[in-house]
Amino acid sequence: MELNEKFRREETKRLLEWIGNNQEEWFEITLAFVEEDMLIDQELKEVFRNLKNNGFYQLLVLLMYTKNEIIGKALQKSMLNIICNNWNEQSIDTMYDLLIDNLSQTIHETV
């Protein structure tokens, strides 16, 4: 068995064991995936902390793509903070070039 596949299987088992031992936390994580904003601010923060602290990074990425409005707004604000914190003379050109490249790619993917 390939090393990467073995690692993925071990991580899946680790997640399943964690879910079995932390059912209340898992329930809150599943609530974060629904379109409606089911969790209050502190609960949503705890969901992200639980995933990060337990190394379930794939689920963190998945949460970023939910239709949860609070997560979407937080992600936008985070991206703007990253841009502002890394701003320099070259960054504006790099940002525009990246945006234009991604626009072109996205347009071709949707056609």
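The values are calculated or read from the model by the stated rules, or taken from the named source; none is laboratory data. Because the structure is a prediction, the values reported are computed rather than measured. Methodologically, a virtual Cβ is constructed for each residue, glycine included, from the backbone with ideal geometry; neighbour enumeration extends over all protein chains shown. What goes into the accessible areas is simple: the full protein's heavy atoms, side chains included, and nothing from ligands, DNA or RNA. Shrake-Rupley method; radii C 1.70, N 1.55, O 1.52, S 1.80 Å.
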Could you count how many residues in the stretch 11-40 are open to solvent by less than 100 Å² (accessible area, probe 1.4 Å) and part of a helix (DSSP H, G or I)? 15
What do you reckon, is Leu44 in a helix (DSSP H, G or I) and open to solvent by less than 60 Å² (accessible area, probe 1.4 Å)? yes
Near pairs, Cβ below 9 angstrom, 6+ apart or cross-chain, from the stretch 91-108 (within 20 Å of Asn81 (Cβ to Cβ)) to any residue that is open to solvent by less than 90 Å² (accessible area, probe 1.4 Å): Ser91/Ile83; Met95/Ile83
Of those in the stretch 52-111 that are in a helix (DSSP H, G or I) and aromatic (Phe, Trp, Tyr), the residue least open to solvent (accessible area, probe 1.4 Å) is Tyr96
If you check every pair at least six apart or on different chains, which have Cβ atoms under 9 Å apart with a residue in the stretch 1-26 that is farther than 22 Å from Lys45 by Cα first and a residue that is open to solvent by 100 Å² or more (accessible area, probe 1.4 Å) and part of a helix (DSSP H, G or I) second? Met1/Arg9; Glu11/Gln58
